Amino acid sequence: MLVCTLHTYSQDTPKEQVWVKLIVKDSVDNKTISNAQIVSYESMIIYATDESGVFRGSFNSTDSLKVFGLGYSPTIVHVDMLKNFPEGKIVHLGRKFYMLGTVDVPSDQELHLNMPKDINLGKENDIPTALRGDSYNKKPPVLAAVANPLSYVNYYTSKKEREKREMRRVLGQEQEQDKINEFYNRDIVKEVSGYEGEMLDKFMIYCNINIKLSADSNPVLIRMKIAELMEKFEEENKGKDTKGNKKAEK
């Protein structure tokens, strides 16, 4: 009863609120980054910067914010440190660069990409402390209901545990998309196809519909698939110019 009373009292104690304004910029060219993601570790709510790369909000002084975006390394900002920035705090995000080793593609062996060791998904020791489950980070086996029934029930009934799982899922998707962008993007499709402008836009849509991607996809096979789709795309668009309009008859 004493523990419950103290816990209730601590929850009732109001926390200091800090008005936060963040201006998120690229560390290379100092341009603002629109739609950069901001995650509150206390509320586990995801926010985003506007078109000018600015985000505004009010948070507990004890909170911390994770700022990240596609193609950028994340950074952590402590709300308590933002009290002295009424005009806004500039947050620079560094671009992600990966140096890949030589890719061997023998016909009778599995493809090895020599990816950096820090590229991984779903490892429990990589889960931020605030997002780790009280007892389980993954769906517990049925036998756990016998060995630890309270933790088993809490995993399925706790709203906080469900929010943590959803946040881990969102961050996992962001990491997976980063890996996909390394070997499948507009520049690679342009390099393989030679298309530009509106024709490249149409072919990108065509590829997105017909190529199934995952973080474990083979980059070499993806390029081959793009070339294969290019032949089908040109066959379907025969008689049209590079702008997608029918050629004038001679």
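Restricting attention to segment 82-100, the residues that are in a loop (DSSP other than H, G, I, E, B) and open to solvent by 40 Å² or more (accessible area, probe 1.4 Å) add up to 10.
Total residues in segment 209-223 satisfying the condition of being assigned to a helix (DSSP H, G or I) and open to solvent by 40 Å² or more (accessible area, probe 1.4 Å): the figure is 5. Taking the listed residues GLU174, GLU198, the one that is in contact (Cβ under 8 Å) with a residue 24 or more places away in the chain and under 24 Å from ASN35 (Cα atoms) is GLU174, with no other qualifying. Looking at the structure I just gave you, is LYS117 at pLDDT 75 or above and either of a type in the set (Lys, Arg) or open to solvent by 90 Å² or more (accessible area, probe 1.4 Å) (or both)? So LYS117 does not fit the description; no. Screening segment 12-81 for strands (runs of 3 or more DSSP E) wholly inside it with 2 or more residues that are hydrophobic (A, V, I, L, M, F, W, C) and within 20 Å of ARG169 (Cβ to Cβ) returns the ranges 37-40, 46-48, 64-69.
The values are calculated or read from the model by the stated rules, or taken from the named source; none is laboratory data. Please read all numbers here as calculations on a predicted model, not as lab measurements. Reconstructed Cβ throughout: ideal geometry from the backbone, glycine too, with neighbour counts over all protein chains shown. Note: accessible area is taken over every heavy atom of the protein model, side chains too, but ligands, DNA and RNA are not part of it. Shrake-Rupley method; radii C 1.70, N 1.55, O 1.52, S 1.80 Å.
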